[in-house]
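Below is a structure I'd like to ask you about.
Computed from the coordinates by the stated procedures, all read-outs in this text should not be read as laboratory data. Quick caveat: nothing in here was measured; it's all calculated off a predicted structure. FYI the Cβ positions are ideal-geometry reconstructions off the backbone, even for glycines, and counts take in every protein chain you see.
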Amino acid sequence: MMTVQETAKDVGVSAEELIEILGDIDIVVDGPESELTKDQITQVCDELGYGSIEDAREDNVSAEEEEEPEAAPAEEVKEEAAPVAAAEEAPVEEAAAEEVVAKEAPPAASDEPAKDPTLIELKKPKVIVKDFAEMMGMKPNMVIAELMRMNVFASINAEIDLKIAKQIGEKHGFTVRKEEKKKAAPQQPKTSKKVQAKKLAEAPDTPDALLPRPPVVTFMGHVDHGKTSLLDKVRNTRVTAGESGGITQHIGAYTVELNDHKITFLDTPGHAAFTAMRARGANLTDIAVLVVAADDGVMPQTIEAIKHAKAAGVCTIIAMNKMDLRAANPDRLKQQLQENEIMVEDWGGDIGCIPVSAETGEGIDSLLERILLESEMLELKANPNKPATGFVVEAQMEPGMGPTASVLVKSGTLKVGDNVICGNYWGRIKALISDQGKKIRTAGPSTAVKILGLTNVPGAGDEFQVLASDKEAKALSEELQAEERAAQLGGGAAPKKMSLDDLFGAGAGDEKKELKVIIKADVQGSVEAIAHSLGGIKSDKVEINIITNDVGNITVNDVMLASASDAIILGFHTGNENGTNAAAKREGVEIRLYSIIYELIEDVESAMKGLLEPELREQVIGEAEVREVFELSKKSKIAGCMVMSGRITSKASIRIKRGRDILFEGLIGSLKRFQNDAAEVRQGQECGIRPENFTNFEAGDTIQAYIVEKITQEL
């Protein structure tokens, strides 16, 4: 058996600190001279992180020897003096040579600043007591003793908060802070010179080889202002009836012949979510027809379309639609256009403004004549007698056809059997299908056709080019795909996946959660538009991570990817393949199918809000003053209180304050009124409060009662 005093010396703490530790593990002693049994000493060693009392004794003895090294005898000093002197008489040439090498060597460490020895950076907002002690070069029992002085009872393997670690570090001359994550500079994807040379190997056309080509016209404007209906009237077809909600969901390209002159129309969706698709449509066009309803006037998407047309540098024509309505007000519309820097001809500008009606057909001929007039003034020409080049308007995976792409030929003539490189993929053209669904053999400049025979679905907006042979096209495609994979694996611009520690261990200011989604749609343009819309949902608290976006039906592979990534699957105008529903039920993956983009965006926003934990808000409900302290036992005390304001409830949290210092924050162990348990005590009444696991309070202390309310957070 050993006394408390002897045990404290062996474990490296004071007798008073050891008595507190003993009280923490339910061992009651009278004072430093009290004796401890072998089992009690073992419990103390376990609490302080020692295997046995012998280990504690050796650890503390070795530490004392390090702190107080014995003075070396004079004889040893004299004996060591000789080799030191011999070392000083080393050849000067060697030292000089070392200096030269040191000067020539590049200062490797100069790029990074020297680390401050008094700075401790923690990767997480919490740190284990043992690890924190090692960082400061202290023994764990010393840190535990510091924590006990702060009324924090923690074992050697317990975690302490960053705030407490800062306070302990400041006492010992250390600066403790959370480690700042350094963002790697994004690496720019490098395209090999060989690939660039192949793709740009296009000889300039001579003036004699250039022939007139049809204009490419884009209808743009606000949603529900009649763009598609107006285009329907022009080409006498019905597109809107087949679309969900009467809104055009994809980009379509159509060629119309008028008085022996051809005009190619691009029909871009009018909803604000399809900004990226509409911007791409403007970049492919020669003339932009801005459709504005005469009754509504200029709307937000109208202004947006004006900006896209100006940025593309294309000729603009204003079509004032719905002129057959009584509410039509063309003068107000022209004034609004002038406010947005669009001067029409009637008001002294140079932009044509044609009144039309998609319902009655009024003004359609005038609009087409104006388009042909503008195209003649632009002198649009291209060389049809060379391999074709152009852009992908739309791409999709179609049942029975495989990958297909709607393309717009920029120059040259596209033929069946040509070998093309389309984006990163190649293929031999098996068929050309016109906008009327008929198979054709060739497609000249400014012609929109659907091509079959590609190896994969290209991206909407990708450039295509006809190459001499299939070997050349295949080799170029493999190089482009290899470079794309290398850029993705390089990780320069790829976002780092969030770990569970980052997700749940971050502080209130750094807290950010992640909603992972997989997007599947029927066409590539819709995929891009949905991704653009989801990227436009701004939130500092929840981040949207699109795991993958692809064209086609939802497959079992998509379900397995969603299961591994903890993602949800969003399908737009697509369906499920056989076995997909069973796999989703088995893996617990949620699949949601949509035909209207409004609903998709709203559901994603709701899912993002569901990820957020409710915001906790503290509300003080009452205060009481400690008038008398009643000691029931050494570990149990009751505070006799008078409620000074508000009310004290048994389920409320309390904060015990002495002046401005906070002694304790926690729960009420029991609340009594006279001899009975009380659920609530109001102002002016006396009561007995026993705080849970805290007895260090005195008469005159203030007990503040509060509750924590949960409030739903906003994005």
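Given the pairs 634/657; 9/178; 541/585; 171/657; 178/637, which are separated by over 28 angstrom at their Cα positions? Please report the intermediate quantities before stating the final value.
On the way: 634/657 22 Å; 9/178 35 Å; 541/585 30 Å; 171/657 23 Å; 178/637 39 Å.
Over 28 Å apart, Cα to Cα: 9/178; 541/585; 178/637.
Using θ = phi - 60° and the Karplus form 6.51 cos²θ - 1.76 cosθ + 1.60, what ³J(HN,Hα) does each residue of segment 661-675 get, whole Hz, x for Gly and Pro?
So the Karplus estimates, Gly and Pro as x, are 7, 9, 8, 7, 10, x, 10, 8, x, 7, 10, 10, 10, 6, 9 Hz.
Please work out the ratio of the alpha-carbon Rg of segment 323-431 to 2.2 N^0.38 Å and round it to two decimals.
Compared with the compact-globule rule of thumb, segment 323-431 sits at 1.61.
Still on this structure: Could you calculate the FRET efficiency of residue 560 with residue 119 from 1/(1 + (r/R0)^6), where r is the beta carbon distance between them and R0 is 41 Å, rounded to 0.05?
Step by step, r from the Cβ atoms, then E = 0.35.
What order do you get for 155, 606, 14 when you list them from fewest to most C-beta neighbours inside 10 Å?
By the 10 Å Cβ count, ascending, the order reads 606, 14, 155.
Most exposed first by the Cβ proxy, i.e. fewest other Cβ within 10 Å, how do 593, 266, 48 rank?
With the fewest neighbours first, 593, 266, 48 line up as 593, 48, 266.
Running Debye on segment 389-485 with equal point scatterers at the Cα sites and no solvent, what base-10 log of I(q)/I(0) appears at q = 0.17, 0.22 Å⁻¹?
Once normalised to I(0) and log-transformed, intensities are -0.65, -1.10.
I've got another one for you. Using θ = phi - 60° and the Karplus form 6.51 cos²θ - 1.76 cosθ + 1.60, what ³J(HN,Hα) does each residue of segment 472-486 get, whole Hz, x for Gly and Pro?
5, 5, 5, 5, 5, 5, 5, 5, 5, 5, 5, 5, 5, 5, 5
I would also like to ask the following. How big is the gap, in Å, between the Cα center of segment 642-668 and the Cα center of segment 610-635?
For segment 642-668 versus segment 610-635, the Cα centre distance is 5 Å.
Name the residues whose placed amide hydrogens come within less than 5 Å of the amide hydrogen of residue 317, ignoring near sequence neighbours (fewer than 5 apart) on the same chain.
Excluding prolines and chain starts, which carry no amide H, the hits are 288, 289, 290.
Can you give the net charge of the other residues whose Cβ lies under 12 Å from the Cβ of residue 155, counting K and R as +1 and D and E as -1?
For residues surrounding residue 155, the net value is -3.
Taking only the alpha carbons of segment 615-711, what extent do you get along each of the three principal axes, in Å, biggest first?
41, 27, 21
Using a Förster distance of 45 Å, how high is the FRET efficiency between residue 592 and residue 153, based on the Cβ-Cβ distance and rounded to 0.05?
Given R0 = 45 Å and the Cβ-Cβ separation, E is 0.40.
Where Rh is the Kirkwood radius over the Cα pairs of segment 520-564, the temperature 20 °C and the viscosity 1.002 mPa s, what D in µm²/s does Stokes-Einstein return?
Once the numbers are plugged in, D ends up at 182 µm²/s.
Shifting gears a bit: Please give me the summed charge of the neighbours of residue 1: other residues whose Cβ is under 9 Å from its Cβ, Lys and Arg +1, Asp and Glu -1. Write out the running numbers ahead of the final one.
Values: positive: 38; negative: 35.
Taking every other residue near residue 1 into account, the sum is 0.
Using the Cα centre as the reference, give the magnitude of the dipole from point charges on the C-beta atoms of segment 2-67 (Lys, Arg: +1; Asp, Glu: -1; all else neutral), rounded to the nearest 20 debye.
200
How would you rank 441, 370, going from fewest to most other Cβ atoms within 10 Å of each one's own Cβ?
The most exposed by this proxy come first: 441, 370.
Quick one: of 310/334; 439/474; 474/516; 38/126; 438/520, which pairs are farther than 24 Å apart, Cα to Cα?
Over 24 Å apart, Cα to Cα: 439/474; 474/516; 38/126; 438/520.
Another question about this same structure. Expected output is a single nm value to one decimal: the length gained when fully extending between residue 486 and residue 676, i.e. 0.36 nm times separation in residues minus the C-alpha distance. What is it? Could the numbers behind the result be given before it?
Numbers: separation 190, 0.36 × 190 = 68.40 nm, distance 7.40 nm.
61.0 nm is the gain from fully extending residue 486 to residue 676.
Right, something else. Looking at segment 639-688, which trypsin sites (Lys or Arg not before Pro) are in a loop (DSSP not H, G, I, E or B) and have at most 14 other Cβ atoms within 10 Å? Mind dumping the intermediate values first?
Details: sites: 647, 651, 655, 657, 658, 660, 672, 673, 682; in loops: 651, 660.
Here the trypsin sites (Lys or Arg not before Pro) that fit, given the DSSP loop and packing criteria, are 651, 660.
From the backbone phi of segment 118-123, what are the Karplus-calculated ³J(HN,Hα) couplings (6.51 cos²θ - 1.76 cosθ + 1.60, θ = phi - 60°) in whole Hz, Gly and Pro given as x?
8, 9, 10, 10, 9, 6
Another question, then. Provide the net charge surrounding residue 666, with neighbours chosen by a C-beta distance below 9 Å and charges set as Lys +1, Arg +1, Asp -1, Glu -1.
So the surrounding residues net to -1.
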